[in-house]
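The values are calculated or read from the model by the stated rules, or taken from the named source; none is laboratory data. All values reported here derive from a predicted model rather than from experimental measurement. All Cβ positions, even for glycine, are placed from backbone atoms using ideal geometry, and neighbour counts span all protein chains on display. Areas reflect the complete protein model, heavy atoms only, side chains present, ligands, DNA and RNA absent. Shrake-Rupley method; radii C 1.70, N 1.55, O 1.52, S 1.80 Å.
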Amino acid sequence: MVNWHSLETVFLDMDGTLLDLHFDNHFWLEHLPRRYAEYNNLSPEEARDTIIPMIMAERGSLNWYCTDYWSDRLDMDITGLKAEVGERIGYRPHVTDFLDAVRDTGLRSVIVTNCHPDPLSLKLQRTGLDSRVDNIISSHQLGKPKEDPAFWQDLAGLEAYQPAATLMVDDSFPVLESARTAGIAQCLAILAPDSRQPARDRHPDIPSIHHFDEILPALRQRQPLPSGQ
């Protein structure tokens, strides 16, 4: 499923890959509409009918992920509202064991996320995830989302990598297709990003797992990189 011996770098999505997507889904589908209803004297149903189409219209764009954009559009402090349900932020199963194994084998681990820097900071404070990886890059630093194949070329300006020796793990099929189009040699899909939702169907062309315990044994068999690499 993954040729660990050919790799130097592991790119990792955050939400739905390392962290439980339940937090984000709960926020956008339940908490935000409820708070928007309170602020605007609407019923929760009216709030959802207003907000959800606005959000879906931006799907795949950087605005979809941009806290500043939605704070301005809805006239609400999105990051502050996210902090109200911050206790829901947490790891997906087996993630810490996986990240420890990546580090033990000497591979470079880099979080490559569409998450805006403000909620990213909140999630790092809650989880300490930044201490478990070598680097974290938000697509907002590059001004384009991971769904854009040009993102991966621009990414090399912040994180030098060899596409032929790189694995990308993500719960988004469009992102993985974008990475593959950009030349990243190996891609792996997460099928169970939200602990409260059923797993999704597999992608016809991209290998997939439900949880990281499925690939941990093979990863742990990989020999560490020689010193200096």
Log entry, pairs with first residue in the range 201-229 being under 18 Å from Val169 (Cβ atoms) and modelled with pLDDT of 90 or more, second being surrounded by fewer than 12 Cβ atoms within 10 Å (Cβ to Cβ) and not polar (S, T, N, Q), beta carbons closer than 8 Å, six or more apart or on different chains, reads Pro207/Met1; Ile209/Met1; Glu214/Met1; Ile215/Met1; Ala218/Met1
Of the residues Leu107, Leu81, which is in contact with a helix residue (DSSP H, G or I) (Cβ under 7 Å, 6 or more places away or on another chain), surrounded by 18 or more Cβ atoms within 10 Å (Cβ to Cβ) and not polar (S, T, N, Q)?
Leu81
Mind telling me which of the residues Leu176, Leu188 ends up being buried (at least 17 other Cβ atoms within 10 Å of the Cβ), out of contact with any Cys (no Cβ under 9 Å at 6 or more places or on another chain) and within 26 Å of Asn25 (Cα to Cα)?
Leu188
For the range 1-45, the count of residues that are among the acidic types (Asp, Glu), within 30 Å of Thr166 (Cβ to Cβ) and open to solvent by 70 Å² or more (accessible area, probe 1.4 Å) equals 1
Within the range 89-115, can you find the residues that are within 11 Å of Asp15 (Cβ to Cβ) and not β-branched (Val, Ile, Thr)?
Arg92, Asn114, Cys115
Failed criterion for Tyr91 (all others in (1) touching a residue at least 40 places away in the same chain (Cβ under 8 Å); (2) open to solvent by 30 Å² or more (accessible area, probe 1.4 Å); (3) over 17 Å from the mean Cα position of the chain (by Cα); (4) closer than 17 Å to Leu124 by Cα hold):
(3)
From Asp194, Asp171, Asp130, Asp134, residue being open to solvent by less than 40 Å² (accessible area, probe 1.4 Å) and touching a strand residue (DSSP E or B) at 6+ places or on another chain (Cβ under 8 Å):
Asp171
Members of the range 110-125 found to be within 17 Å of Leu99 (Cα to Cα) and either open to solvent by 10 Å² or more (accessible area, probe 1.4 Å) or assigned to a helix (DSSP H, G or I) (or both), listed by number
Lys123, Leu124
Every residue from the range 61-78 that is under 15 Å from Asn114 (Cα atoms), in contact (Cβ under 8 Å) with a residue 24 or more places away in the chain and surrounded by 16 or more Cβ atoms within 10 Å (Cβ to Cβ)
Leu62, Trp64, Tyr65, Cys66, Thr67
Would you tally the residues in the range 46-59 being among the hydrophobic types (A, V, I, L, M, F, W, C) and open to solvent by 50 Å² or more (accessible area, probe 1.4 Å)?
2
Check on Thr127, over 15 Å from Leu12 (Cα atoms) and touching a residue at least 60 places away in the same chain (Cβ under 8 Å):
yes
For the range 152-176, the count of residues that are within 15 Å of the chain's Cα centre (by Cα) and either farther than 14 Å from Thr9 by Cα or among the small types (Gly, Ala, Ser) (or both) equals 7
